[in-house]
Structures are given as structure tokens and as C-alpha cells.
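Structure, as C-alpha cells:
The values are calculated or read from the model by the stated rules, or taken from the named source; none is laboratory data. Since the model is a prediction, treat every value here as computed from it, not as a measurement. Here Cβ is always computed from backbone atoms with ideal geometry, including for glycine, and neighbour counts include all displayed protein chains.
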Amino acid sequence: MKKIIYNLLRQFFFWLFFFALARALFLIYYSGLIIEDQMGFFHVIATFWHALKLDIATTCYILIFPFFLLLLQSLQSPKWLNVIHKVYTAILLFIYSLITTSEIGVYYEWKTKLHFKAFLYLSNPLEIYNSAETSKFFILIGILLVLFLVAFFFYLKVVYLPIVRFKRNIIFSFLFLLITPPLLLLGARGGIREIPINQSESYFSKHNFLNLAATNSAFNLYISFFENYKNFGVNPYHYFDDEIAKKIVSDIYYTPTDTTVNVLKTNNPNIVLLILESWSADLIESLGGEAGVTPAFHGMEKEGILFTNMYASGARSEQGMGSIFGGFPAHPISSITVQPDKYVHLPSLTRKLRDRGYFTSFSFGGQLIYGNIKSYIMSNEFDRVKEVYDFDDDLPRGKLGIHDEFTLDVLLHDITEDPQPFFSVLFTVSTHSPFDMPMDEKQDWGYNDDINNYLNSAYYTDQCLAGFMKEAKKQEWYENTLFIIVADHSHHSQKKWNFHSPEYHKIPMLFTGAVLKDEYRGTKHEKLGFQTDFSATLLAQLGVSADEFHWSKNLFNPYAPSFASVSFEEGIGWITPNGYFFYEDRIDRYYCKEFIPGTEEEEIKNGKAFLQVLFQEYMDY
């Protein structure tokens, strides 16, 4: 009898120890970030205490199956039941070790724990490998193997008590069956409480990094799956009556006069759209960034219109694509661009331009399969789509794809031979980790290696843009071409903004080229907007209706409203001239909230109604 109880208790404490060990590895791996942000030793140690409740809940879930095995062994004790027990534990240890190392690998880029959407990328594991520096990849593999092997060895040698020739006791078995399941379920629920335990139990710090470290990874992933399943039946962001929410959103978008400031010399220009991977506004000197990082971009500002209050709609490339080409804002939980049955309902900027007589093309030096971008891009009916496999094999490339200078050279050659007018898009790659651009002399910007590498990659791409523009000016089509530069999303920068802040998600957007009217060259456009506004803004310059892009607003219309929505995994950021808030619905938490006095209540209502109506439309597609 004692052996059965001891076995269960030893496993209980073993899993708590293992979770703490995995958490310690995560904290140690990012110890540089802890020191850099001055989190404090005792504050970091508190992570383990605040993690305990979720760890206990997760352990109780894990022990449900071992409980039934032990119950059987209290009645019959064949050796093969011990084998099943060990195999079960080994599988779970390996899965959790894999989750831990995956989170270590993705945290720097994603600033979040592993979630449901991450599994959409597992269909292309080579892309995941290519996105990581080789040394980091093998370090993570080493961490995975060491964590799993050490934990399983310790479990076999110290923790597990094999049950053999157990003397049957019907009364004990009955009591074990009667008492243990309620205790496990109570522990899994987080105790006697009205609302079951959730991730908010682990949130304790102003440093979101520590909150994420304290959140049990398996529990978080389970909730991500569970909530995703539920959300496809019921809108999780239902704050108001549907008609009231729609009325609020209609009022938000109300534009008394449908007009535009025409900044182009013609309404039928060639268009070259350069989508820059992971460019934060902090790379741009004129937007408050580091001087000297993007001098070529700074020079192009003198010939163009710089949008000074532009924000990314989401934090992933596929979200940016949906916003730019489909005029559909990014939303929590999933992305519409990864679901063909939904994105087919979106309007398409590309199709609008094709109907206008444009030859359209999309080029990317990497693999478009990542994030299901290729499927979405193909659905936009570009006349030509090129990815890494479609370029010459002898072009120099890094782990993630062909370097920007070479894809820009190919773009220049292609569009010189394309029929006019053309709409040519290039999605860059070199400012994505592992930042293995072919630059001989890398500068020390005075930051850690990750930031230095990021800034150097931006400097490299900036020089590539300079070379591209220099050659473009020699082409006969240049005088009638509008060049647009915009980021797909932002990135962690030297400014070290909190992920849940407006500053983190601010991005550059620039209209430039000889086709701009002289009076607008070298100017700044200050209207507040986000990537979703791109379609309506561009189409208005061409005199083309953008009515079907109902989430997009024309930033050159002086009467258009000023606001931006920023989506993250479980919430929304809402930014207006009155202020801003970042809110996570899952844990009912405002990460930040700052408004002009008297405007807070209305703006929070506007932001939540926007999220409700947007997500409902996504569900309805």
C-alpha cells in the first residue's frame, strides 16, 4: 500500500522538480536579457514561486494516467505495467523538453510562449532550421537531449518504484480509487475556486519575460489548443451586443468627405513595392532611431513622403501580407492568411491592379511556404511569383535564402523587361535572423550581439536599397514609377521597448520616386495609421474604388479617422491621437493604458468593439 502511495507522491514532486529545471534553463539561456534589463536576482527567483500553482495543476493532469496504472497494479502487478509507466513518462518528458527548447529558440523573435499557431509552421521544419543560426540550432538540440536524458535517467534511478508481486488489498484499492481522483482534479483546477486556474496565476512582474517564464509551458500550450477549438464556435471577444458593436465600428470609420490629396503626377504609375523584413521604426533616424544605420533610406526621404505614425497590424509576416494586400487587420489566435477557406473572401489589391491593366509580380529570396504565404500570394493571382527555387542556383545565399542585393538585382532586370504599367513586389530576407548577410565589415553599434547583428543586417539591406535605386534611376521607366517601402512587421530593437507598447510596433513607410509631385517631395505625413490602410491609400491615388477594403482607410484623405490596431496572440493594441492601450482578453489585463483625460472610456470601448467585429467577420468567413 505504502509503495503505491509513495510512487505517486514521488512522481508528483519529480514533475515539479522537472518543470523548475526546464524553467531554470530558460532563465539561464536569457541571463543576458535579465542582466541587461536589471530584473534583480530575488525578482527572478520569485519566478519559481509564482510558477508553483500552474506547475501543480499541470502535474495533476499528467498523473491521471499513472493513477489508473497504479490502481491496476494494486490489484494485479504484471511487469509490463511498469514498462507502460516508464514509456509514458519518457514520452511526456521528451515532449516537454522539446517545448522548452522550442520556446528558448523562438522567444527572442516572438516574445511569447509556444502557442497553437506555432504548429502551423511545423509543416516546413527546414524553414524553422534555416531561421536559426547554426550554432544556436545545435545548442538547442544539445539542451533538448541533455534535459530529456538527465531527467529520464534520474526518474528511472531515483524516482520510480517498480511494482512487482504486490499483495492485493481490496479495501486500499477502493479507498485509493475514492480519494485520489478528486484530489488530482482539485489540483488540476487550482483548488476550490469559482474560476479554474489559468495563466494569469503566474503573472507577477512588470517584466513580461518573467511572467512567461513562470507560466507552465505545457499548460499554456494546452489552453492555446483548447481556446482555439472553442473560438471557432463562439466569438471569444464578445463585449457588446453585435449591433451595438457594429455601430461603434461604423462610427470609428466615419469619413464625412470622400476625397484625397493627390500626391502623384499621374494616376497610372508603375509601382514597385519593397516589403522589408522586420524593419522597426527604430532603424530610421527621422523616426527617432539610430543615426547611421539606414543612411540610404534617410537620403530617399528627401525625395519622398515619410509616414511618421505608421504601425504594423501584427507581429508575423503572414499577418502583414494579409493587411497589405487584403486590407484585413491582423487578429489574435490565428491568421486569416493560413486558412484558404477564409482568405478567399478577402478583397485583393493585386486583382484590382490587374483589372486596371497592371502586370503584377511577387519575388522573395526565401521559401514562401513558411506561414502559408505562398498559398495566400498565389491566391492574389500575381502574374509572376518567384521564390528561392525560381532564382539562378549560382546566386549567393544564406541559410534563409538569397541575399537582398542579389534579389534586388534580379528584380531590376525583371521589371525592365516587364510590360508597363507594372506592380512589382519584393519581400526582403536579410533582416531576418540569423542575419547572415554577406557584409565584410560589421560595425559595433555598442549593443549585445543580437542587436548588433540586427542593426548590421539593416545597414546591409539599406546599402542594397541604395544600389537598387541608383540603377533604377538609369532606367527609362523610372520617371513614371512610384517606389513604396514598408515593413512587414516590427522587431525588437536597441530601444528595448516592451512588446506590448505602441513604440515596439511602429514601422517605417515611404513613398518616393520621380512620379511624386515636387511639392510633396521631402515631406512628412503625420496621419496615424497601420498597414491595413495601405490598400485604400494607394488605390485612391490611382482613382480606383477601394469600397470592398472596408477595414482600410485612405491616409491621404484629410477627413479620414486616425487610429491603428495592433494584434498579438490573445489581445489587441489600440492607438489613437487620444492615447493607447494594450489589452489581453485571456487574463483580463491591460499591459499599458494612457489617454487624454476624459477619453479613456470611449477609446477602450472603440478598441474592444473593433476587435469583436473583426474577429466575428474572420469567424464568419
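What number of residues within segment 396-413 are modelled with pLDDT of 95 or more and either of a type in the set (Asp, Glu) or within 30 Å of the chain's Cα centre (by Cα) (or both)? Selection size over segment 396-413: 10.
Based on this model, can you work out whether residue 457 counts as surrounded by 18 or more Cβ atoms within 10 Å (Cβ to Cβ), closer than 18 Å to residue 320 by Cα, modelled with pLDDT of 95 or more and in contact with a Ser or Thr (Cβ under 6 Å, 6 or more places away or on another chain)? Outline the logic, then answer.
On the way: surrounded by 18 or more Cβ atoms within 10 Å (Cβ to Cβ): yes; closer than 18 Å to residue 320 by Cα: no; modelled with pLDDT of 95 or more: yes; in contact with a Ser or Thr (Cβ under 6 Å, 6 or more places away or on another chain): yes.
Judged against the criteria, residue 457 is not a match.
Tell me yes or no: at least one residue of segment 279-289 is in a loop (DSSP other than H, G, I, E, B), at pLDDT below 95 and on the phi < 0 side of the Ramachandran plot. Checked against the condition, which is being in a loop (DSSP other than H, G, I, E, B), at pLDDT below 95 and on the phi < 0 side of the Ramachandran plot, segment 279-289 yields at least one hit.
In a loop (DSSP other than H, G, I, E, B) and in contact (Cβ under 8 Å) with a residue 12 or more places away in the chain: does that describe residue 376? Full working, then the answer.
On the way: in a loop (DSSP other than H, G, I, E, B): no; in contact (Cβ under 8 Å) with a residue 12 or more places away in the chain: yes.
Answer is no for this residue.
Of the residues 427, 364, 435, 423, which is at positive phi, in the same structural domain as residue 534 (by TED's automatic domain parsing) and either touching a Leu at 6+ places or on another chain (Cβ under 9 Å) or surrounded by 22 or more Cβ atoms within 10 Å (Cβ to Cβ) (or both)?
Numbers: 427 fails: at positive phi; 364 fails: at positive phi; 423 fails: at positive phi.
Criteria check complete, one pass: 435.
So for segment 472-492 (the condition being in contact with a Pro (Cβ under 7 Å, 6 or more places away or on another chain), over 20 Å from residue 422 (Cβ atoms) and not in a loop (DSSP other than H, G, I, E, B)), does at least one residue qualify? Yes, there is a match, as at least one residue in segment 472-492 is in contact with a Pro (Cβ under 7 Å, 6 or more places away or on another chain), over 20 Å from residue 422 (Cβ atoms) and not in a loop (DSSP other than H, G, I, E, B). When restricted to residues that are closer than 27 Å to residue 473 by Cβ, assigned to a loop (DSSP other than H, G, I, E, B) and aliphatic (A, V, I, L, M), segment 379-429 contains 2. Scanning segment 172-210 for residues that are surrounded by 17 or more Cβ atoms within 10 Å (Cβ to Cβ) and over 17 Å from residue 58 (Cα atoms) turns up 173, 176, 205, 207, 209, 210. Residue check: residue 285 meets all listed conditions (1) surrounded by fewer than 16 Cβ atoms within 10 Å (Cβ to Cβ); (2) under 28 Å from residue 521 (Cα atoms); (3) of a type outside the set (Phe, Trp, Tyr) but one, namely (1).
For every residue, the table says whether it meets (1) within 19 Å of residue 267 (Cα to Cα); (2) in contact with a Gly (Cβ under 9 Å, 6 or more places away or on another chain); (3) at pLDDT 95 or above.
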position	(1), (2), (3)
512	yes, yes, yes
518	yes, no, yes
523	no, yes, yes
537	yes, yes, yes
545	yes, no, yes
551	no, yes, yes
555	yes, yes, yes
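Here residue 307 clears all of (1) assigned to a strand (DSSP E or B); (2) touching a helix residue (DSSP H, G or I) at 6+ places or on another chain (Cβ under 8 Å) except the condition numbered (2).
If you go through segment 511-531 and keep only what is basic (Lys, Arg) and not in a loop (DSSP other than H, G, I, E, B), you end up with just 524.
With respect to residue 390, determine if the residue is touching a Lys or Arg at 6+ places or on another chain (Cβ under 8 Å), within 24 Å of residue 348 (Cβ to Cβ) and not basic (Lys, Arg). Spelling it out, it is not the case that residue 390 is touching a Lys or Arg at 6+ places or on another chain (Cβ under 8 Å), within 24 Å of residue 348 (Cβ to Cβ) and not basic (Lys, Arg).
Screening residue 216 on (1) modelled with pLDDT under 90; (2) surrounded by 18 or more Cβ atoms within 10 Å (Cβ to Cβ); (3) within 25 Å of residue 44 (Cα to Cα) shows it passes everything except condition (1).
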